[in-house]
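Presented below is the structure to which this report refers.
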Amino acid sequence: MRVALGSDHGGFHLKAVIKEYLDRQGIANYDFGTYDAGAVDYPDFARKVAEAVASGEYDRGILCCGTGIGVCIAANKVPGIRAAHCHDTFSARASREHNDANILTMGERVVGPGLALEIVATWLEAGFSGGRHARRVAKISAIEASYSCRKE
Ligand code: RB5
């Protein structure tokens with residue numbers, strides 16, 4: 001599995017903790033930035049990670065910002081992305097099993113590093129259940145396909 005990582009300045013420290021964890025676990029990953037605590041705009045990094053996942057270059061993405069909300073909203077604008085904002089392990093598992101989420105988002109100002117790593121571990125390990133959930137996810141894709149998307 002290859003994981004794409006990204007954050008703005010608000011999620012920079014949490015992203016570093018997650019990267020360290022993935023490295024320790026031997027999980028291949030690439031950090032799309034930001035690379036320091038200077039102020040940046042979260043949509044720029046959400047887009048990089050979302051496009052890397054949507055293209056198939058990376059299997060999953062993890063995005064952090066102050067709340068985890070801005071990167072989630074931005075990532076979900078990229079066709080093919082199902083980003084889930086999770087601050088508990090129950091939601092993290094359900095986002096994989098029910099929604100086939102391909103990006104996890106979290107907020108550094110909301111969740112501590114210990115819980116964040118449990119969420120990451122749960123989310124990476126959980127699989128999509130398929131069945132009735134596949135029908136529902138297909139309906140999400142159909143909504144997306146019904147709108148014309150133009151690449152800038
Ligand atoms: C940056 O101050 C903050 O707005 C950002 O990290 C994020 O929380 C946005 O949703």
Cβ-placed point charges (K, R +1; D, E -1), dipole of the chain about Cα centre in debye, nearest 20
620 debye
Can you bin region 60-152 into rounded, prolate or oblate? Criterion: square roots of the alpha carbon gyration tensor eigenvalues sorted a ≥ b ≥ c, rounded for a/c under 1.5, prolate for a/b above b/c, oblate for the rest.
oblate
Counting Lys +1, Arg +1, Asp -1, Glu -1, what net charge surrounds GLU97 among other residues with beta carbon under 13 Å of its beta carbon?
+3
Taking R0 as 30 Å, what's the FRET efficiency between ASP44 and ALA145 from their Cβ-Cβ distance, rounded to 0.05?
0.70
Taking a ≥ b ≥ c as the square roots of the eigenvalues of the Cα gyration tensor, with a/c under 1.5 meaning rounded and otherwise prolate when a/b exceeds b/c and oblate if not, region 1-129 is rounded
Once the dipole of the chain is set up from charges on Cβ (+1 Lys and Arg, -1 Asp and Glu), the residue from the list VAL17, GLY56, ALA116 lying farthest towards its positive end is GLY56
Residue farthest toward the positive end of the dipole of the chain, with Cβ of Lys/Arg at +1 and Asp/Glu at -1: which of ALA92, ASN76, SER141?
SER141
Relative contact order of the chain (C-alpha contacts under 8 Å, at least 6 apart) in percent is 23 percent
Is it possible to state the helix-based mean residue ellipticity at 222 nm for the chain, with each DSSP H run of 4+ residues giving -39500 (n - 2.57), the sum divided by total residues, to the nearest 500 deg cm²/dmol? What is it?
-14000 deg cm²/dmol
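Since every read-out is calculated from the coordinates, none of them should be taken as a lab result. Keep in mind that what you see is a predicted model, and the values were worked out from it rather than measured. Cβ atoms come from the backbone with ideal geometry, glycine included; neighbour counts cover every protein chain shown.
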